[in-house]
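This report refers to the structure that appears directly beneath it.
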Amino acid sequence: MAELRPLGDDLNDASRALAQALRELFEGLQVSVRRYAARRRLDPGTVSRYLNGTRLPPWQMINDLFADVAEHRGTAVTTEAIELVRGLYGLAVDAASSPKHAVEILEQQLADADRVSRRSSVRGDVLGDALLDRTQRIADLETRLNQLEADRIAEQKRADELAAAHPDISGLIAERNELQLEVERLQTDLKKAQAQRAAAEDRCDLLERQLDAVEQAAPAVALPVTPQGMPKILVVDDQPDNLLAMTAVLSTLDQELVTVSSGREALKALLDHDDFAVIIMDVQMPEMDGYETCAHIKRRPRTRDVPIIFLTAMGVDSEHSARGYAAGAVDYISKPFDPWALRAKVAVFTSIYLERHAQ
């Protein structure tokens, strides 16, 4: 444990209690933090922060620690010990969650989306200028070629002389054709940049609504109740512990939760119900992962408009988020998630559902 720093004085009681329990489990392995991180393919600094209480670990990491301790000792960890740590973990999650923390998360996501929008806008302007320049050059070449062709028609008898007088006509044609191909490419790039900017602007609007929901400082955002009642929420995750945690967090919204453990079960649930406001889906699942499941949902006319939030432990770097958006997701949350941020996102999509069906 020489690699671990003493627990900080600024830790809240719940985070301190969880960190002490995890350190006791880790000491039973009798290995260094660096060696354990290599075993589990984790970053040593991240593992150290988990054990120091400065960062809340995902529950799967704690499950892995239980399994490693059991393997080292040759005996299973007792049910009482697991339940004790589970209770400490729940208290730590609740203590770490706050409207302020959720606002920080959503503001960071808003900044990221705004940066994408600005970059797309600048690229669109550059492409537009290049496209205008190429178009003007083509028009100039077309005029010159038309004039040459008119001369050839008007003076058939001087065709040979005209060709001799303008030996670069074939070069002009080739240059025009190359420019036309470049214009087509620029038009395609411009459309992509405009689409990316539009998507980023939509995401900025969505995140601002989510920030408004959190800043109302109510645990459950008040929503107008329509005659047909509140829509359902579909949660898809192959880990029972994750489904239990999601149920606990979203229970304050007073909406029916439908929980399933696979992509195939999610597709069946969407056939059985047609009033889902949002789908919260884990990315890493066996057989059919979140990306494939999302693609199936978006191919069905009946379900293509249901918004999908990806829940991922892989981080939300540009590669993963781009793949998620390409599959059809509208938002993402990284594990371990902030309950306030999650409730705000679900509440906003529920509000959008009610607005749409009230028309």
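Spin-label model, residue 137/residue 119: points 7 Å from Cα along the beta carbon direction are separated by 2.7 nm. How many percent of the alpha carbon pairs in segment 253-359 exceed a separation of 22 Å? Looking at segment 253-359, the distances longer than 22 Å represent 28 percent of pairs. In terms of distances greater than 27 angstrom between alpha carbons, the cross-link table entries 192/268; 191/268; 232/298; 232/335; 298/335 yield 192/268; 191/268. Taking 0.36 nm per residue of separation and subtracting the current Cα-Cα distance, fully stretching the chain between residue 184 and residue 288 would add 33.7 nm.
A simple spin-label model places pseudo-atoms 7 Å from Cα toward Cβ; at residue 326 and residue 244 they are separated by 3.7 nm.
With a Förster radius of 35 Å, plug the Cβ-Cβ distance of residue 216 and residue 39 into 1/(1 + (r/R0)^6) and report the FRET value to the nearest 0.05.
About 0.20, to the nearest 0.05.
Where a number appears in this text, it was derived from the coordinates with a stated rule and is not lab data. Everything quoted here is computed from the prediction, not taken from an experiment. Here Cβ is always computed from backbone atoms with ideal geometry, including for glycine, and neighbour counts include all displayed protein chains.
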